[in-house]
Amino acid sequence: MVNESNFIVRLSGRRESTYYIDYMGVYKVNEIAKIVGIKPTAVKDKYLENKAFYDDSQDIYYFGSEEDAKKTISNIISSIKADMKGRVIHLTEAEIEYIRKALINEGSNVMHVSNKIKDAIFKKLNE
């Protein structure tokens, strides 16, 4: 499951005024490709389309601007299959309990839960 919020554009500590893409501590193209389920050559092409340059001593692609790195992330996200994409949703204990009951009682319609909890869950899911 890939979560867009796990992608971070980081300012390089080794190369002045350059940026790189980090996905939860992973920054090499081949490793990011495995995580997102896209061929490494396709990920590399997306980097190069957005003016990335390769540093073979560190095996990392750098960008001259934060905007170029962010565009690359957007391009990668748009290429990921829908069933591989995820998002973080924070639920209260009452909301989690409601979902548990709904899954257990699927089809029996014997649940009595306040509309306030249902509305809160739907609001979070629709954001």
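Worth pointing out:
- Under 19 Å from residue 44, Cα to Cα: aspartates and glutamates that are on another chain or at least 8 residues apart: 4, 22, 31, 55, 56, 59, 66, 67, 68
- Prolate/oblate/rounded call for the chain, Cα gyration tensor, a/c under 1.5 rounded: prolate
- Computed with a 1.4 Å probe over protein heavy atoms only, the accessible surface of the chain comes to 68 Å² per residue.
- Surface composition of the chain: carbon and sulfur make up 50 percent of the accessible area, probe 1.4 Å.
- Farthest towards the positive end of the charge dipole of the range 1-126, among the residues 91, 6, 69, is the Cα of 91, using unit charges on the Cβ of Lys, Arg, Asp and Glu.
- Basic side chains Lys and Arg get +1 at the Cβ, acidic Asp and Glu get -1 at the Cβ, and with that the dipole of the chain about its Cα centre reaches some 260 debye.
The values are calculated or read from the model by the stated rules, or taken from the named source; none is laboratory data. All values reported here derive from a predicted model rather than from experimental measurement. Every residue, glycine among them, receives a Cβ derived from its backbone with ideal geometry; neighbour counts consider all protein chains shown. Only protein heavy atoms, including side chains, enter the accessible area calculation; ligands, DNA and RNA are left aside. Shrake-Rupley method; radii C 1.70, N 1.55, O 1.52, S 1.80 Å.
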